[in-house]
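Report on the following structure.
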Amino acid sequence: MRLNNLIKLTARILQVQPLRYTPAGIPVLDIVLQHESWQEENGQKCLVKFEIPARILGKQAEEWQYRQDAVIESEGFLAQRSQRFPKPVLRIQNIKEYKG
């Protein structure tokens, strides 16, 4: 059985932490995304607002480190932040500026 864990999200980069590097030298950028949209649930429109932590690895981390407030389209998966912190973080694999 193959389980899916694919998230596509359009959001604004609310916060950007300083770029850091793993012991192997891989760039890591931790950000917070803010999303707001109208969704339909059970035949009713509802306003959805949330913030979610996200992480970008590699070359894209370096490219997005100064892009706070940019609106982006992202694709990735949810994973626990670390072995000590089980809350989910969006691990972004593809990111581009939202063109509306």
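The values are calculated or read from the model by the stated rules, or taken from the named source; none is laboratory data. All of these numbers come straight from a predicted model, not from anything done at the bench. Here the Cβ positions follow ideal geometry from the backbone for every residue, glycine too, while neighbour counts run over all protein chains shown. For accessibility, only protein heavy atoms count, side chains too; no ligands or nucleic acids. Shrake-Rupley method; radii C 1.70, N 1.55, O 1.52, S 1.80 Å.
Brief remarks on what is shown
- Share of carbon and sulfur in the accessible heavy-atom surface of the stretch 41-100 [1.4 Å probe, %]: 47
- Note on the chain: dipole from Cβ charges, positive end direction compared against Val32, Gln60, Pro88; the farthest Cα belongs to Pro88.
- Counting DSSP beta bridges with both ends in the chain, the antiparallel % (nearest 5): 90
- Calculated [θ] (222 nm, deg cm²/dmol) that DSSP helices of n ≥ 4 give over the chain, each run adding -39,500 (n - 2.57): -1500 deg cm²/dmol
- In order through the stretch 18-24: 3J(HN,Hα) via Karplus (6.51 cos²θ - 1.76 cosθ + 1.60), integer Hz, x for Gly, Pro: x, 4, 9, 10, 6, x, 7
- Per residue solvent-accessible surface (Å²) - the stretch 15-100, probe of 1.4 Å: 70
- Size of electric dipole in the chain: Cβ of Lys, Arg +1 and of Asp, Glu -1, about Cα centre, debye, nearest 20: 340
- Sequence-separation-based contact order of the chain, relative, with Cα cut under 8 Å and 6+ spacing, percent: 30
- Computed over neighbours whose Cβ is under 9 Å from that of Glu73, the net charge equals +1, Lys and Arg +1, Asp and Glu -1.
- Lysine pair count for the chain with Cα-Cα distance under 26 Å and sequence separation of 8 or more or different chains is 14.
- P(r) tail for the chain: Cα pairs beyond 16 Å make up 60% of the total.
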